[in-house]
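Data block below; observations after.
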Amino acid sequence: MKQLATYFSLACLISWLIWLPLYGPVLGLADLPVLPFHHGLGGLGPLIASFLTTWIWKKQSGIRQLLRSCFQVRPVVYLAIALLSPFVLAVLATAINSLANGTPFELSGLLTYREFPDFGLPAFFVYNLVFFGFGEEAGWRGFALPRIQAKFNALTSTLILTFFWALWHWPLFFYRPGYTSMDIGGIIGWLFSLLTGSVLLTWLFNASRGSILVCAVFHATIDIAFTADYADQNIANYMGFLITLWGILAILYFKPGNLAGIDRQRENCYGSGR
């Protein structure tokens, strides 16, 4: 528990301090310097916290294992699922929208992004992979999830982790477009989507035998699919429905115990000896 408490505290502290110039004006702290890609830099907080906490308790052996997990490719099938499935869902959501509302089947929006309109898909993928893929998943799934799963089943662990993951996002509600306009209903919907995504990430992490790379790629591609500049915003709603359905099916098929076809990944994958 001390390891988890240290990690969660550091992850929030580091990210919230980095983001302070962005939400500081709400607190009366104006004119703090804002750097290029400042929001993305805050996404590195969980990664930094995971390596700091690992060093404190596991030293070099823990760092080596954490790094190996960051670049673990096999089984390749899960890396392919992580890379391609969000785009498949985007195509399906566009098709559903076209059939339901009689709109043209148009996918060009999948290659444009409001926040960085000059970015193409490769550049936006790298941005998301570095800052929010590895930046978040090295911590949430790579460090925290195995330690929680050492005490609880996979679904309960996912619920616990989602609570802290949601808390980590707190400053975004003061400055981030899309967050600042949320009402209570929107926040509840956001929490549910976060939980659904967390279920799928737990499945991918456990099924891939603890690959942070797989989770990082999925995090990056799902962010791309949801932040694309679609001409019809109903597409995002249909995508949310498909993701939710996928998450529910994963729970029903793989069962709450492991959320995978193999045993869940526990702390001993980082050398705890359990």
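Numbers at a glance
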read-out: Mean separation of Cα contacts under 8 Å, 6 or more apart, over the residue count of the chain: relative contact order %; value: 29
read-out: Per-pair calculated FRET efficiency, R0 = 30 Å: residue 126 and residue 106 via Cβ, rounded to 0.05; value: 0.75
read-out: Neighbour-limited loop hits for chymotrypsin sites (Phe, Trp or Tyr not before Pro), region 48-96 (at most 11 other Cβ within 10 Å; DSSP other than H, G, I, E, B); value: 71
read-out: Those trypsin sites (Lys or Arg not before Pro) in region 105-194 that DSSP places in a loop and that have at most 14 other beta carbons within 10 Å; value: 114, 151
read-out: Derived scalar couplings ³J(HN,Hα) [region 23-32; Karplus, 6.51 cos²θ - 1.76 cosθ + 1.60; whole Hz; x for Gly, Pro]; value: 9, x, x, 5, 9, x, 9, 9, 6, 6
read-out: Projected area averaged over orientations for the chain, convex hull of C-alpha atoms, nm²; value: 14.9
read-out: Alpha-carbon centroids, region 145-163 and region 77-93: separation in whole Å; value: 25
read-out: With 10 Å bins from 0: P(r) over region 55-101, alpha-carbon pairs, percent; value: 23, 25, 21, 17, 11, 4
read-out: Value of D in µm² per second that Stokes-Einstein yields for region 118-217, Kirkwood Rh from Cα pairs, at 4 °C (1.567 mPa s); value: 89
read-out: Pairs from 58/151; 58/255; 2/59 whose Cα-Cα separation, in the structure shown, is over 23 Å; value: 58/255
read-out: Loop sites in region 92-160: GluC sites (Glu not before Pro), DSSP, at most 16 other Cβ within 10 Å; value: 106, 115
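Every number here is computed from the coordinates shown, using simple stated rules; none is lab data. Predicted model only: the values in this text are computed from it and were never measured. Cβ: placed from backbone, ideal geometry, glycine included. Neighbour counts: every protein chain shown.
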